Structure formats: C-alpha cells, structure tokens
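Written below as structure tokens is the structure these notes are about.
The values are calculated or read from the model by the stated rules, or taken from the named source; none is laboratory data. As the structure is a prediction and not an experimental result, all values here were calculated from the model. Neighbour counts are summed over all protein chains in view; Cβ atoms, including those assigned to glycine, are modelled from backbone coordinates with ideal geometry. Note: accessible area is taken over every heavy atom of the protein model, side chains too, but ligands, DNA and RNA are not part of it. Shrake-Rupley method; radii C 1.70, N 1.55, O 1.52, S 1.80 Å.
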Amino acid sequence: MPTNDKKIYMLEAIKKAEENIVTGKGGPFGAVVVKDGKIIAAAGNRVTSTNDPTAHAEVVAIREACKTLETFDLSGCEIYASCEPCPMCLGAIMWARIDKLYYAADRNDASRAGFDDELFYTELALPTDKRILKPTQLLQEEANVVFEKWIEDSTKIPY
C-alpha cells in the first residue's frame, strides 16, 4: 500500500493528465518529479501544443526538474507518471539517473486509448531486421574517431 505522500504525488500526475484534456495542450498524460519530499516539477504532455513528438509529460517534467535543480543528473529524485512510460520516456528517465519510477495506468491502457506504447515495446524487443523501421548503419569508422577523441578528452563532463 503506497504512503500518503506517494498517493499525493501520483494524484498530481493524474491531475496534470486530466488538465491536458481540458486545456487541449496535449495527450492525457502527466508526470511529477520529486526530490526530498518536494515536487520539483510537474508537467503534462505537450506534443500537440508544441508540435514536438518528444514533449511527453515525463520528458517535459525532467527538463523542468533539470532547470530547477541546475543539473542534468536527477539522482535522488523520483518520478510519478500517470501512465507507464513509453520506451522514449523510460530512456529519458534512465539517462536522467532518476532513482525510482512510479506509474498508474499501464501500456495496455494507453493502447486502448489509441496510443502506440505497446507497439513500440513490441518493436524494440524484435531483432532490428524484423522491425517496421529497419535501421542502416553508415560510416562507423568515421564516427568512432569522434568517440576516440571523447575518450581522450581530459576536460569532458561524463554522464
């Protein structure tokens, strides 16, 4: 059974999702980033209002939290999402080093509402040659020259 605080944070994420329906800013998704028991960022999906397919609620909330905390590393934070994150958002959550993910609805609920989350999870589980979008690798050697420079750079900021 979740603590009262966890319920409050999740209800805030769900509220952001519902606000999106009322305001027409984006899809029915919301997310909240919490650090040390305080909401650092709360956002709804902004895909349609910004014409940005990456402006999912989780990504928008992560961007806001990073600005607020002035860091790209959200270690020590939790994220509450009104729905199970799609693969892109899950990747963003992992890149942000967020410690804990909580979600309410799942990918099947999103699929029932007309969203492609389940399709994307299914596609990513397939070998690349079996996917709808079949990637083609070009100029690997040239790209690796850049990685070698990165490896040798003593002034880099690792992430």
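Structure data summary
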read-out: Beta bridge orientation in the chain: antiparallel %, DSSP, nearest 5; value: 70 percent
read-out: Under the Karplus curve 6.51 cos²θ - 1.76 cosθ + 1.60, θ = phi - 60°, whole-Hz ³J(HN,Hα) for the stretch 124-137, x wherever Gly or Pro sits; value: 5, 7, 7, x, 4, 6, 9, 7, 4, 9, 9, x, 10, 8
read-out: Loop sites in the stretch 59-159: GluC sites (Glu not before Pro), DSSP, at most 10 other Cβ within 10 Å; value: Glu70
read-out: Accessible area of Asp153 in the full protein assembly, 1.4 Å probe (Å², nearest 10); value: 60 Å²
read-out: Calculated over the chain: convex hull of Cα atoms, volume per residue (Å³); value: 155 Å³
read-out: The chain - mean residue ellipticity at 222 nm from DSSP helices (-39,500 (n - 2.57) per run, n ≥ 4, rounded to 500); value: -14000 deg cm²/dmol
read-out: Calculated FRET value between Lys38 and Trp95, using beta carbons and R₀ = 30 Å, to 0.05; value: 0.85
read-out: Crossing angle, helix 4-23 versus the chain [Cα axis fit, 0-90 degrees, rounded to tens]; value: 90 degrees
read-out: More than 20 Å apart - percent of Cα-Cα pairs taken over the stretch 94-159; value: 63 percent
read-out: Under 23 Å between alpha carbons - lysine pairs in the chain that sit 8 or more apart or on different chains; value: 27
read-out: Accessible area per residue, Å², the chain with all protein chains present, probe 1.4 Å; value: 66 Å²
read-out: Pairwise Cα inverse-distance average, inverted: Kirkwood Rh of the stretch 56-125 (Å); value: 12.5 Å
read-out: Heavy-atom SASA rank of Tyr103, Tyr121, Tyr9 (probe 1.4 Å, accessible area, largest first); value: Tyr103, Tyr121, Tyr9
read-out: Per-selection Rg to Rh, the stretch 1-69 - Cα, Kirkwood hydrodynamic radius; value: 1.00
read-out: Long-range HN-HN contacts of Cys83 with modeled amide H, under 5 Å; value: Gly30, Ala104, Ala105
read-out: Solvent-accessible area, 1.4 Å probe, carbon plus sulfur percent, for the chain; value: 57 percent
read-out: Highest-MSF residue in the chain out of Phe72, Phe147, Phe115 [GNM, Cα springs under 10 Å]; value: Phe147
